[in-house]
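The values are calculated or read from the model by the stated rules, or taken from the named source; none is laboratory data. Please read these numbers as outputs of a predicted model, since none were measured by experiment. Because the Cβ atoms are built from the backbone with ideal geometry, glycine has one as well, and the counts that use them run over all protein chains shown. Remember, those area values only see protein heavy atoms, side chains included, never the ligands or the DNA or RNA. Shrake-Rupley method; radii C 1.70, N 1.55, O 1.52, S 1.80 Å.
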Amino acid sequence: MKKKITATVLSQKEIAPRIFDMWIATELAACAKAGQFIGVYPKDRSTLLPRPISICQVNDKKDALRIVYRIAGQGTAEFSSYQEGDSVEILGTLGNGFPTEGKKVFLMGGGIGIPPMLELARELPASTEKQIIVGYRDDQLFLKEDLEKNGTVYIATEDGSVGTKGNVMNAIEENHLQADVIFACGPMPMLRAIKKYAEEKKIKAYISLEEHMACGVGACLGCVVKTKEVDHHSHVHNARICTDGPVFDAEEVEI
């Protein structure tokens, strides 16, 4: 079920340059899952559409959501000014989520695709061996401590300042890692590499596609991905990322 509601900001802080960490008190937390997202509405009415932001964490009481986002434009710049007690209109929960399967898994996040991996690590069974492989630009390792509480963390940085120099695939190779299931969210080049790796290793991969979304509810067809199967809505080989995704079985999409 999705609904538009007025929620309350519990806290907010900048955890890396232009990356903000916000907790929101909302009833939507009760049904939120890792891999889903919410639409956050700017107060500026000249920007009518909500901004899609991934769910980073659900608190234990399931009455608050955490979002971690990067300032990318006017809307997210406005959100970064919100303080404790401010009201915020949100639409949620949107999209599907990650399945919780596998005995020995990779949780792979790149850049602003890292936040969804935290809630997924929390939702996976305690018996699951969680290898969290995350890629950053530099030594601004946002969410590192939170991730370390929920699995074994391997870091790659583009500039080589921390961990493996390069990307998440380089970290897998350098640390000789193996898994039976992959969960991933990040930029498209990273997801293409993961899809290819999963095919070569013959292991299951679930990828969350980052795409610019307009309506967030599947009406505008502004965010589509080519698929093997015919979409029942558009009757072509497309799926809507905002409603059919953002999480897909890597085998089912062409990226």
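Note on the chain: antiparallel DSSP beta bridges, both residues inside, total approximately 60 percent of the bridges counted. For the residues Ile15, Ile71, Ile172, a 1.4 Å probe over the protein chains yields an accessible-area ranking, largest first, of Ile15, Ile71, Ile172.
Using the C-alpha atoms of the stretch 1-153, what convex hull volume per residue, in cubic angstrom, is computed?
Output value, Cα hull per residue: 104 Å³.
Sort out the exposed loop trypsin sites (Lys or Arg not before Pro) in the chain (DSSP loop, at most 15 other Cβ within 10 Å) and tell me the longest stretch that has none. For trypsin sites (Lys or Arg not before Pro) (loop position, at most 15 other Cβ atoms within 10 Å), the longest site-free span of the chain is 150-201. Could you run the Debye sum over the Cα atoms of the chain, one equal point scatterer each and no solvent, and tell me log10 of I(q)/I(0) at q = 0.08, 0.09, 0.10, 0.12 Å⁻¹, two decimals? Log-scaled intensity ratios, in q order: -0.29, -0.37, -0.47, -0.68. Reported value for the stretch 110-220: 122 Å³ per residue, from the convex hull of its C-alpha atoms. Across Asp159, Asp44, Asp138, mean-square fluctuation computed from a Gaussian network of the chain (C-alpha pairs under 10 Å connected) peaks at Asp44. Of all lysines in the structure, those lying under 24 Å Cα to Cα from Lys149, and not within fewer than 8 positions of it along the same chain, are Lys13, Lys33, Lys61, Lys62, Lys103, Lys104, Lys130, Lys165.
Taking 37 °C and 0.692 mPa s as conditions, the stretch 161-200 diffuses translationally at an estimated 299 µm²/s according to Stokes-Einstein applied to its Kirkwood radius (Cα pairs).
Quick one: with all protein chains in place, what share of the accessible area of the chain is carbon or sulfur, to the nearest percent (1.4 Å probe)?
On the way: 5750 of 11850 Å².
Roughly 48 percent, rounded to a whole number.
Out of every Cα-Cα pair that the stretch 11-67 contains, those further apart than 19 angstrom amount to 34 percent.
Once the convex hull of all Cα atoms in the stretch 82-121 is built, its volume per residue stands at 112 Å³. Principal axis extents of the C-alpha atoms in the stretch 54-138 (largest first, rounded to whole Å): 41, 34, 22.
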